[in-house]
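Below is one structure, written out as structure tokens, with a few remarks after it.
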């Protein structure tokens, strides 16, 4: 959800097992590092259990490893300074990237000091959403010890199942209710 709704969601969901996730640097990832750090810390203070960080796509396209490591480390650390158990995902926006750039994104996201828990295909606002090929490639790149989240363009049960088969641990979709209804009809 958007960061402005995290506090309300935390109040409404208090005492439940529902986790609250927000996005940092949404939708373009072009915010400065200090802005992303502040946004991440505030999200954790407001009650977020997970933060999805849109990495600086320009830095990723340019191969600026130093910038990306600094960004991801500082943004994740800001949230974990508030809640150590907060989960973090690095959104790579794979529709813009070559395979080499995806590898760099995976390495930076998961090999940085703070370390993300997942890599995520997209925000849903890029040129493409999740593709089976990209999910499979991300899974191969990060191995079994880190998560892969497929997001963007998952609108039916067949696509959802194909993403899981390709290696996605989680799915991001605005069609969740429809997918569950389709699953119920098929069982």
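Numerical summary
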item	result
Unique match (being within 15 Å of the chain's Cα centre (by Cα) and more than 19 Å from residue 98 (Cα to Cα)) among 171, 157, 138	171
Which listed residue is in contact with a helix residue (DSSP H, G or I) (Cβ under 8 Å, 6 or more places away or on another chain), farther than 16 Å from residue 65 by Cα and either assigned to a helix (DSSP H, G or I) or in contact (Cβ under 8 Å) with a residue 40 or more places away in the chain (or both), from 135, 108	135
Residue tally, condition out of contact with any strand residue (DSSP E or B) (no Cβ under 6 Å at 6 or more places or on another chain) and not in a helix (DSSP H, G or I), over the stretch 159-177	3
Residue list for the stretch 1-38, filter: in contact with a helix residue (DSSP H, G or I) (Cβ under 7 Å, 6 or more places away or on another chain), in a loop (DSSP other than H, G, I, E, B) and closer than 13 Å to residue 50 by Cα	1, 20
Residue that is surrounded by the most Cβ atoms within 10 Å (Cβ to Cβ) [pool: residues in the stretch 143-158 that are touching a strand residue (DSSP E or B) at 6+ places or on another chain (Cβ under 9 Å) and at pLDDT 95 or above]	150
Matching entry among 129, 124 (being touching a helix residue (DSSP H, G or I) at 6+ places or on another chain (Cβ under 8 Å), modelled with pLDDT under 95, surrounded by 14 or more Cβ atoms within 10 Å (Cβ to Cβ) and within 25 Å of residue 65 (Cα to Cα))	129
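The values are calculated or read from the model by the stated rules, or taken from the named source; none is laboratory data. These numbers were taken from a predicted model, which means no experiment stands behind them. Here Cβ is always computed from backbone atoms with ideal geometry, including for glycine, and neighbour counts include all displayed protein chains.
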